[in-house]
Every structure is written in C-alpha cells, then in structure tokens.
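The values are calculated or read from the model by the stated rules, or taken from the named source; none is laboratory data. This one's a predicted model, so the numbers in the text were calculated from it and none came from an experiment. Counting neighbours? That spans all protein chains shown, and the Cβs are built from the backbone with ideal geometry, glycine included.
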Amino acid sequence: MAWHTWLIYFVAALGLSLSPGPNGLLALTHGALHGRRKTLFTVAGGALGFATVIALSMFGIGALLQASLVWLTVLKWVGGGYLVWLGVQVWRAPPIAALALQPQGEVNGWSLFRQGALSALTNPKGILFFAAFLPQFIDPARSLLLQYFIMAGTFVAIEFITEVLIASMAQRISGWLARVGRGFNRVCGGIFAAIGVALPLRA
C-alpha cells in the first residue's frame, strides 16, 4: 500500500472510530461500571470483532451480503436483536454504587470480551460500510493478505486506543455516575435498544 493511500485510510478510519457507535457506547458503559482495567476485555473483544468484520468484507462476504437481500435481512435482524438484548441487560444492571459493594470476582472478563466482540460482529452497518469502504484502498496488483494486515491493523489500533480513552473518561466520572444511579444505566440501555430496533427497519 502506497504511503499516501495509507494516510488517507488512516484519516478515514480515525473519523469512523470517533463517530458514535455501539462499541464506543459499550466501552463507556463498561468503563463506568467496571473500571478501565476490566473494560480492556471489552475493548479487546471489540478489536477482534472488527478484525473479523474487515476480513469478511475484504474476502468476499461483504459482496455476498450486498447481492443477497435475504442474507442482508437476516443479519440486520440478528444484529438488531442482540443490541436490544444488550440494552435490556444494561437497563437492568444495578446502580454503580451497588456494583462497587459486590465482590470483584462477579465481573467476568470473558463475558465482557464476548460482549465487545459480538457488538462489533453483529453490527450489519459495519460490515456493509467496510464492504463499500475498503475496496477504495485495495491495490489488486499487490497481496490481498498483506493489505488486510495493514488495513485491519491500522483500524484496530485506532479503535482500541479510542475505546480505552472513552473507558478512562467514564472511570473518572464514576462518582457522578454513582449519584445518578439507575438513570445512567437506563439511558445507555435505552440507546442500545433504540439502535437495535432501528437497524432492521432502516434500508
């Protein structure tokens, strides 16, 4: 990949990471509830999910989804259903002040990792975006595998740093979040559920 092509890709990937999305919101929520260190599991899961989505898009699944209305519809409903389920779990979570009194062992790192990965993997907008976005930067004369590692590595690194910063900010305002109690959980849960409902209904 030429240097100037990578630089354009870097700027575009940075803009995508800074825009609101399910994984950023999940990092914010988990950062507030569990702290930055635990949220690293969530962020790592999201990074793996994005790397997988980019691989699927680059190696043909994105084209299949664009060509098949049935598969696109199925993926939209699966992704939307998962986000609604995740919203319900966040809505029902105890207030942060109550969580602070629970034993640390109750927060399972694998569970956080899985939520981060599934949030990235089941977002059909992400797959369709990468399917349309990545071909602009692919050089057919060069190794597709090498270009995958460059583009996936760049995006995952940007996304990882962005989400860790989001989780760190959430931890710093945890005192305020403890005061607002369940209200914060319900707002975040409602946003997740709204995104989940909107995904299957949008064209």
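Looking for something surrounded by 12 or more Cβ atoms within 10 Å (Cβ to Cβ) and at pLDDT below 85 - is there at least one such residue anywhere in the stretch 115-123?
Yes; the residues of the stretch 115-123 include at least one that is surrounded by 12 or more Cβ atoms within 10 Å (Cβ to Cβ) and at pLDDT below 85.
Hey, can you tell me all the residues within the stretch 27-79 that are among the aromatic types (F, W, Y) and either closer than 19 Å to I166 by Cβ or modelled with pLDDT of 85 or more (or both)?
Across the stretch 27-79, the qualifying residues are F41, F50.
Could you grab me the full set of residues in the stretch 94-114 that are modelled with pLDDT of 70 or more and part of a helix (DSSP H, G or I)?
Those that are modelled with pLDDT of 70 or more and part of a helix (DSSP H, G or I): G109, W110, S111, L112, F113, R114.
For residues in the stretch 9-26 being under 15 Å from F160 (Cβ atoms) and more than 12 Å from the chain's Cα centre (by Cα), which is modelled with the highest pLDDT?
F10
Any residue at all in the stretch 169-176 that is at pLDDT below 70, in a loop (DSSP other than H, G, I, E, B) and either among the β-branched types (V, I, T) or surrounded by fewer than 17 Cβ atoms within 10 Å (Cβ to Cβ) (or both)?
Yes, that holds for at least one residue.
Scan the stretch 17-39 for residues that are surrounded by fewer than 17 Cβ atoms within 10 Å (Cβ to Cβ) and touching a residue at least 12 places away in the same chain (Cβ under 8 Å) and jot them down.
Residue satisfying the conditions is L18 alone.
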